[in-house]
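Chemist: Pasting in a structure now, in structure tokens, and then I'll have a few things to ask.
The values are calculated or read from the model by the stated rules, or taken from the named source; none is laboratory data. Quantities reported herein were computed from a predicted structural model and do not represent experimental measurements. Glycine also receives a Cβ, built like all others from the backbone with ideal geometry; neighbour counts cover every protein chain displayed. The area values use the complete protein model at the heavy-atom level, side chains included, leaving out ligands, DNA and RNA. Shrake-Rupley method; radii C 1.70, N 1.55, O 1.52, S 1.80 Å.
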Amino acid sequence: MRITVIGGGSIGTLMAAEMLKKGHKVTIYTSRPDEWKNEITVLLPTDKVLFRTAVYRVTDSMEEALYMAELVFITMPAQLFRKLSPKMEPYVLPGMRVGMVPGSGGAEFAFRNLLGKGCVLFGFQRVHSIARIKEYGKSVYMLGRKSEIYIGAIPADSTGELCPVMESLFELPCMALANYLCVTLTPSNPILHTARLYSMFREYEEGIVYPRNYLFYEEWDDEASRTLFDCDHELQNLCAAIPMELVSVKSLREHYESSSVSAMTQKIRSIQAFKGLTSPMKRIPEGWIPDFESRYFTADFAYGLKVIRDTADLFGVPTPDIDSVWRWYERVNPENAAGSFRTDINRDDFVKLYG
């Protein structure tokens, strides 16, 4: 197949390498093509080489990237969707399958113009594997591979055709979700990350400096778990209020098999694939401060939690805990909050979009 991966970050590099290894013609679209080597090395966390594969094509030309593409994967952060969509529009064709990895972040709104051209939009509920770049354009770690993939699509009846393709590409079982909203409302990064950041930095104001960069998961605490539980509960209330099949939007309690605050804390601290991952912080001469330009902030709040909050407003579902987290973000990062995700759709059209 002729496949395009848009984005040369961790997950984009890993996906491209896996598909290249299977013999597909994979073009990687990135703003930094000159930094890519002729080969991608995929490593295990121990630095053992899992496999190496030759690179087919790397380009910063959208026209070249999408020419004759049968399948497109977008792995860029959600805050870039609105700029990316008009760049893609002149070169997409009816029937082109465009996948979001992961699929949250309001992609169905940012790429509505592609849907209007007859494209099929699909999204992974969660990434198929945790990945981390070792050396940009050259090597990547595969840290934690899932046991299965869940995808949703617009139009919804396209999912059944896409699942066998995903199974072939990634050698994992692929499950069809009832609709794309099951992807959009998945509380992975939009609640997992935001709960942790809120608990870490809720007292932050200019002038406060931290002595070190904290481990994001291994030092997870009960306050983060309590915030997670509160926001996750409100999301489940929202799912119950929307007249659509949303049983696949699993509570994080269920996903992590943790029914209490302490159990959740211990579970997240113990996940092997999360070991060693630091927080989105940056060093200054006096110590460390939050890095509000990190995608943990710019994507997971402004195009993650905000999507959930706007959907709740649309359906009249109260979300006081989610609102508290969002108002904190507006205070500490007002510029990015002001440019965040916006819905411009009524309730009936919202439901029809996912049919």
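Chemist: Only one residue in I11, I40 is among the hydrophobic types (A, V, I, L, M, F, W, C), crowded, with 18+ Cβ neighbours inside 10 Å, over 20 Å from P102 (Cα atoms) and within 23 Å of the chain's Cα centre (by Cα). Which one? Quick ask: steps written out before the conclusion?
Modeler: On the way: I11 fails: over 20 Å from P102 (Cα atoms).
On inspection, the qualifying residue turns out to be I40.
Chemist: Could you tell me whether any residue of the stretch 64-82 is touching a Ser or Thr at 6+ places or on another chain (Cβ under 6 Å), open to solvent by 10 Å² or more (accessible area, probe 1.4 Å), in contact (Cβ under 8 Å) with a residue 12 or more places away in the chain and not acidic (D, E)?
Modeler: Looking for residues that are touching a Ser or Thr at 6+ places or on another chain (Cβ under 6 Å), open to solvent by 10 Å² or more (accessible area, probe 1.4 Å), in contact (Cβ under 8 Å) with a residue 12 or more places away in the chain and not acidic (D, E), one finds at least one in the stretch 64-82, hence yes.
Chemist: Is there a residue being within 18 Å of Q236 (Cα to Cα), open to solvent by 60 Å² or more (accessible area, probe 1.4 Å) and in a loop (DSSP other than H, G, I, E, B) anywhere in the stretch 339-350?
Modeler: So far as the stretch 339-350 goes, no, none of its residues is within 18 Å of Q236 (Cα to Cα), open to solvent by 60 Å² or more (accessible area, probe 1.4 Å) and in a loop (DSSP other than H, G, I, E, B).
Chemist: Still on this structure, please answer the following. For the stretch 218-236, what are the residues that are in contact (Cβ under 8 Å) with a residue 60 or more places away in the chain and among the acidic types (D, E)?
Modeler: Hits for the stretch 218-236 are D230, E234.
Chemist: Here are C231, C174: which of them is more than 27 Å from A263 (Cβ to Cβ), more than 17 Å from the chain's Cα centre (by Cα) and crowded, with 20+ Cβ neighbours inside 10 Å?
Modeler: Exactly one residue qualifies, and that residue is C174.
Chemist: Something else about it: Enumerate the helices (runs of 4 or more DSSP H) found wholly within the stretch 183-287, keeping only those where 1 or more residues are small (G, A, S). Quick ask: steps written out before the conclusion?
Modeler: Details: elements: 189-201, 222-241, 252-255, 261-270.
Passing ranges, in order: 189-201, 222-241, 261-270.
Chemist: State whether one or more residues within the stretch 104-123 are closer than 14 Å to M166 by Cβ, in a loop (DSSP other than H, G, I, E, B) and either open to solvent by 10 Å² or more (accessible area, probe 1.4 Å) or modelled with pLDDT of 95 or more (or both). Even if it seems obvious, please write down each step before you answer.
Modeler: Applying the first criterion (closer than 14 Å to M166 by Cβ) to the stretch 104-123 yields 120, 122-123.
This time we only want the ones that are in a loop (DSSP other than H, G, I, E, B), so: none.
The answer is no; no qualifying residue exists.
Chemist: Give me the pairs: first residue in the stretch 258-276 and open to solvent by less than 40 Å² (accessible area, probe 1.4 Å), second residue among the small types (G, A, S) and not in a helix (DSSP H, G or I), beta-carbon distance under 9 Å, and six or more apart or on different chains, which are they?
Modeler: M264/S258; T265/S258; I268/S258; I271/G144; A273/S129; A273/G144; F274/G144
Chemist: Which of the following residues is open to solvent by less than 30 Å² (accessible area, probe 1.4 Å) and either over 25 Å from S104 (Cα atoms) or basic (K, R) (or both): R212, R196? Working first, answer last.
Modeler: Working: R212 fails: open to solvent by less than 30 Å² (accessible area, probe 1.4 Å).
R196 is the lone residue from the list that is open to solvent by less than 30 Å² (accessible area, probe 1.4 Å) and either over 25 Å from S104 (Cα atoms) or basic (K, R) (or both).
Chemist: Another question, if that's okay. Picking from E293, E286, which residue would you name as being touching a Lys or Arg at 6+ places or on another chain (Cβ under 9 Å) and open to solvent by 50 Å² or more (accessible area, probe 1.4 Å)? Talk me through it step by step, then tell me what you get.
Modeler: Values: E286 fails: touching a Lys or Arg at 6+ places or on another chain (Cβ under 9 Å).
One residue alone meets the criteria, E293.
Chemist: Pairs needed: first member in the stretch 201-213, under 14 Å from W328 (Cβ atoms) and touching a residue at least 12 places away in the same chain (Cβ under 8 Å); second member anywhere, among the small types (G, A, S) and open to solvent by 100 Å² or more (accessible area, probe 1.4 Å); C-beta distance under 7 Å; at least 6 residues apart or different chains.
Modeler: Hits for this filter: zero, empty list.
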